[in-house]
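The values are calculated or read from the model by the stated rules, or taken from the named source; none is laboratory data. For clarity, every value in this text was computed on a predicted model and none was experimentally measured. No Cβ is skipped: glycine too gets one built from the backbone with ideal geometry, and neighbour counts run over all protein chains shown. Protein only, heavy atoms only, side chains kept; ligands, DNA and RNA dropped before computing areas. Shrake-Rupley method; radii C 1.70, N 1.55, O 1.52, S 1.80 Å.
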Amino acid sequence: MSATPLPILPDPRLLSGAARLALRYGGTFAPETVQQLLADSYQRLAETAAVRTHLVVLAERLADERLAALAHSRAVPGGIPRVLFVCTGNAGRSQLAAALLAHAAKGRLQVSSAGTRPAGVLDDFVTEVLDEVGADLPVEGFPKPLTEEVVAAADIVVTMGCGDACPIPAGRRYMDWPVPDPHGASLDTVRQIRDEIAHRVTDLVAELAPATS
C-alpha cells in the first residue's frame, strides 16, 4: 500500500515549520495531520491579514496551538485547567483578558484567546496598557480565528461581546463578561477596560487556581 501523500502547503516556506511541528508532535500526530493543520492555519490567517510579512511564522504558531489543544482534548481528563477567551476580532478584549490571566495565574492555568471574525491587527493601546501593569502578550498574542480544536480543549470558555457567534460545546463551562470594546477608544478608556477585566481575572484566578502557601 502506498503512503498517504502530504497535504500541499500554500507557501513553500512553511516546509521548515511543518518539519519542526512533526518532530515536536511525533508519536502523537501523523505528519499528514500536522501539515494539514499548518496549511489550514495559514489560509485562515491569510484571509484577514493586514500585513503578510510574518504570516508564515504566525501560521506555525497557530498550528502549534491547535495541535497542543487537540492533544489535550484527547488526553486523560485532569491537569491544569484551560481557559479560552473569545471576542469578535481577538484584537482587544480577549487579548487583554488572556494576557492578564496568564500573568496573574503564573502557570497555574493554560490560557488562550480567539475571535469569531479575527481582525488584521491588534487594537490601539492594547500592548501599551499591558506593559503598564507588567503583563506581556504571549507569543501567540495576535488575532487568531476560533478553531474547533481550541474550543474542544477548553474547560472554561469566556465570551466577550461575540453573542451567538461563539459556539460552546456541551460539557464546557460558559461565562460571559460584558466588557466594553476597546476598538477605537482613547488610551484612558482602554486603561479603564483593562482594569475592569483585571478585576474579573482576579476573581477567576481565586476560584480556579488559588495560590498555595
**Item:** Computed [θ] at 222 nm, deg cm²/dmol, the chain (DSSP H ≥ 4; -39,500 (n - 2.57); rounded to nearest 500)
**Value:** -14500 deg cm²/dmol
**Message:** If you restrict to DSSP beta bridges whose two residues both lie in the chain, what percentage is antiparallel, to the nearest 5?
**Reply:** 0
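Compute the length gained on full extension between residue 199 and residue 127: take 0.36 nm times their separation in residues and subtract their Cα-Cα distance, giving the result in nm to one decimal.
Here the answer is 24.1 nm.
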**Asked** What is the list of residues in region 24-68 whose amide nitrogen lies under 15 Å from a point 7 angstrom out from the Cα of residue 16, following Cα to Cβ?
**Response** 54-61
**Message:** Suppose each label sits 7 Å from its Cα in the direction of the beta carbon; what would the residue 172-residue 71 distance come out to in nanometres?
**Reply:** 2.1
**Prompt:** On a 0 to 90 degree scale, rounded to 10, what angle separates helix 55-74 from the longest Cα axis of the chain?
**Reply:** 90
**Message:** How big is the chain along each principal axis, measuring the range of its Cα positions in Å and listing the largest first?
**Reply:** 60, 40, 33
**Request:** Keeping the other protein chains in place, figure out the carbon and sulfur percent of the accessible area of the chain, with a 1.4 Å probe.
**Result:** 55
